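J.: Can you read through this structure? Questions will come right after.
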Amino acid sequence: MYPPKFTRSVRTLIHAAGLALACASIGVAATSSSASAQQFARITKEVGLEPHLDQEVPLDLAFKDETGKSVTLGDYFQGDKPVILTLVYFECPMLCTQVLNGFVRSLKPLGLEPAKDFEIVTVSINPHETPELAAAKKESYLKALGRPQAAAGWHFLTTTDDATIHKLADSIGYRYFYDEEIKEYAHPGVLTILTPKAHISRYFSDVEFSARDLRFALIEASSEKIGSWTDHFLLKCYHYNPETGKYGFVITNVVRLLALLTVAALGGFMFVSLRRERRNAHTSANS
């Protein structure tokens, strides 16, 4: 078995390769022609993520779900559940598969359930992909997840309107383009966490996602309406870093919590002590 550090390095390389449409043909072509070198430069310049934290995504955008039913993005923001949005395309040869596989691995130990606690919306950025293809992908990933009941909470959407896709992508700062040379999309790998009011709360950009961080992000996005009291307590000790897309331990918050607990403990001790003294004094006076 490879050591964790080596595994993380490999995953990082996979992600970087995916961002650049990591096909062998690109690597070879980039060294053999100036045109491909320019294309590679375009990819590194135009593909990426510009975080738009707290911005609202447009809910009137129209799509077809995996059954062919006409829906709008707003259909998945009807209650008080947060939403995980993923932009991919279903025939992607590499990065999308890596992102969704990593996402499924993080969902398994999450401790929160799609449909019950949150919704997942996976949108194809390819206007030529169909609901039939979306249905096949949904079936595949539900099988990988091993929870058939999650079908009610994981939605795979398509549209033939390229402008609709770009409007959604622009709203979350997701930059991509279609590479005519190799007939593939250049795009980042991102999970976007949305509040029940459709505001962008958190981003995770990788091919592997921490179940703990994803759980924290969903609980925060729900305004702590999901999760346990332990989660809510731990969120006082961990802080989301938008630069790294991860939750880090914040010692100052821990010190504040310990100080509050100390004050509360001292207050409780003084209250009990005073009551005991008064009770003893009352008993002495009556004897």
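J.: Using packing as a proxy for protection, rank 76-89, 58-71, 144-157 so that the peptide with the highest average count of other Cβ atoms within 10 Å comes first.
T.: Packing order, densest peptide first, comes out as 76-89, 144-157, 58-71.
J.: A follow-up question, please. Full extension from residue 46 to residue 279: what is 0.36 nm times the residue separation minus their Cα-Cα distance, to one decimal in nm?
T.: Fully extending the segment from residue 46 to residue 279 adds 76.3 nm.
J.: Test of understanding: what is the full-extension gain from residue 149 to residue 60, defined as 0.36 nm times their sequence separation minus their Cα-Cα distance?
T.: Computed gain between residue 149 and residue 60 is 29.3 nm.
J.: Could you give the nm distance between label points at residue 116 and residue 75, where each point is 7 Å from its Cα heading toward the beta carbon?
T.: 2.5
J.: Tell me, what HN-Hα J-couplings in whole Hz come from the Karplus equation 6.51 cos²θ - 1.76 cosθ + 1.60 at θ = phi - 60° for each residue of region 163-178, using x for Gly and Pro?
T.: Coupling constants for region 163-178: 5, 5, 4, 5, 5, 5, 4, 4, 5, 9, x, 8, 9, 8, 7, 8 Hz.
J.: Taking amide hydrogens as modeled 1.01 Å from N in the peptide plane, which residues meet the under 5 Å criterion relative to residue 201, leaving out close sequence neighbours?
T.: Under 5 Å from the amide H of residue 201: 54, 193, 194, 195.
J.: With a ≥ b ≥ c taken as the square roots of the eigenvalues of the C-alpha gyration tensor of region 47-224, please select rounded if a/c is under 1.5 and otherwise prolate if a/b is larger than b/c or oblate if it is not?
T.: Rounded, since a/c falls under 1.5.
J.: Could you order peptides 124-134, 45-55 by the average number of other Cβ atoms within 10 Å of their residues, highest first?
T.: Averaged packing, sorted descending, gives the order 124-134, 45-55.
J.: Kindly work out what percent of the DSSP beta bridges joining two residues of region 47-224 are antiparallel, to the nearest 5.
T.: Percentage antiparallel, nearest 5: 65.
J.: Taking amide H positions as placed in the peptide plane 1.01 Å from N, state which residues far from residue 155 in sequence (5 or more) or on other chains have amide H under 5 Å from it.
T.: 120, 121, 122
Any read-out appearing in this document is the output of simple, stated calculations on the displayed coordinates, not a laboratory observation. Only a predicted model underlies this, so the values are computations on that prediction, with no experimental measurement involved. Quick reminder, even Gly has a Cβ in these numbers, built from the backbone with ideal geometry, and neighbours come from all protein chains shown.
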